[in-house]
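One structure is given below, encoded as structure tokens.
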Amino acid sequence: MIETLAHQYDFFITFMIDGGSVMWVLFGLNLLLWYGLGYRYILLTRGTRGNVRHLIEKHELAMSNNEVKPHLGMMDSAVYDALLAYKEARKYTLSPRDLIDDALLNYSIEIKQYSVLVRTVVILAPLVGLLGTVDGMIETFDALTSGSMFAQGQSISSGISKALFTTELGLMVAVPGLIVGRTLDRKQNRFDMDFEQITDIICTKEHHAQ
């Protein structure tokens, strides 16, 4: 087991060194990308299924029974905090909409975390890969000029193939990140619309109650 891991480690290090310094940059970008995507995926967990009106009614009932704040997901917590803000507004005769908006502001900020990081890595990865390709092509043509490539028994095609590999790797980092990132951005937009709906429904109920 240990020998297998050591062999895989040696292979990885050799692979990265052969690819040049750009490979390490792409490796770091890949780690940052999937950390950001993983964080956003966990963060954007909705919690209880159902429309916003149903969630508000459910948590109103829970609060009337003095149940503790739920930890099922972001939407449950947001509805609970919005209802607390509504009760606070009624207690001190303040504007419910302002207090509810303040309560949901932290959630609106939170759902945007690492979205810029993901978009930045998706843009940078292909460019870094292209930089590695240009660098590799320059080395290949320099070797052809000096004749060192033929002296070492290497072909032109192998040198160009190695140079183009960084572009391929850059696209392999960027394309999945683009697809998953767009999916998570759509979830973020749905959360934004749900937060607005929470405020509207609770404030409408306040208006009818008056």
Setting aside same-chain residues fewer than 8 positions from Lys91, which aspartates and glutamates have a Cα under 14 Å from its Cα? Glu206
Order of Met23, Met193, Met137 from fewest to most other C-beta atoms within 10 Å? Met193, Met137, Met23
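Mind giving me the FRET efficiency for Glu139 and Asn106? R0 is 45 Å, r the Cβ-Cβ distance, nearest 0.05 is fine.
Numbers: r = 51 Å, r/R0 = 1.13.
My answer for the efficiency is 0.30.
To the nearest 20 Debye, how big is the dipole of the range 21-210 about its Cα centre, given +1 on the beta carbon of each Lys and Arg and -1 on that of each Asp and Glu? Can you show the working numbers first?
Working: 18 positive and 20 negative charges, 83 e Å.
Charge dipole, the range 21-210, about its Cα centre: 400 debye, nearest 20.
Please order Val122, Val173 by the number of other Cβ within 10 Å, starting at the fewest. Numbers along the way, then the final one.
Working: Val122 21, Val173 25.
Fewest to most other Cβ atoms nearby, the residues stand as Val122, Val173.
Taking the number of other C-beta atoms within 10 Å as the exposure measure, put Thr48, Thr145, Thr133 in order starting with the fewest. Numbers along the way, then the final one.
On the way: Thr48 14, Thr145 9, Thr133 21.
Exposure proxy ranking, most exposed first: Thr145, Thr48, Thr133.
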Using DSSP to call loops (not H, G, I, E or B), can you name the trypsin sites (Lys or Arg not before Pro) in the range 48-120 whose Cβ has at most 11 other Cβ atoms within 10 angstrom? Arg49
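If you average 1/r over all unlike Cα pairs in the range 21-210 and invert the result, what Kirkwood radius do you get in angstrom?
Values: mean 1/r = 0.0497 Å⁻¹.
Hydrodynamic radius (Kirkwood, Cα pairs) of the range 21-210 is 20.1 Å.
Checking the table Lys58/Lys187; Lys87/Lys187; Lys112/Lys162 against a 32 Å threshold on Cα-Cα, which pairs fail? Intermediate values should be presented prior to the final figure.
Values: Lys58/Lys187 22 Å; Lys87/Lys187 29 Å; Lys112/Lys162 38 Å.
Over 32 Å apart, Cα to Cα: Lys112/Lys162.
Taken together, the values in this text are just the output of simple stated rules run on the coordinates, not laboratory data. From a predicted model like this one, the values you see are computed outputs, not experimental measurements. Glycine gets a Cβ as well: all are built from the backbone with ideal geometry, and neighbour counts include every protein chain shown.
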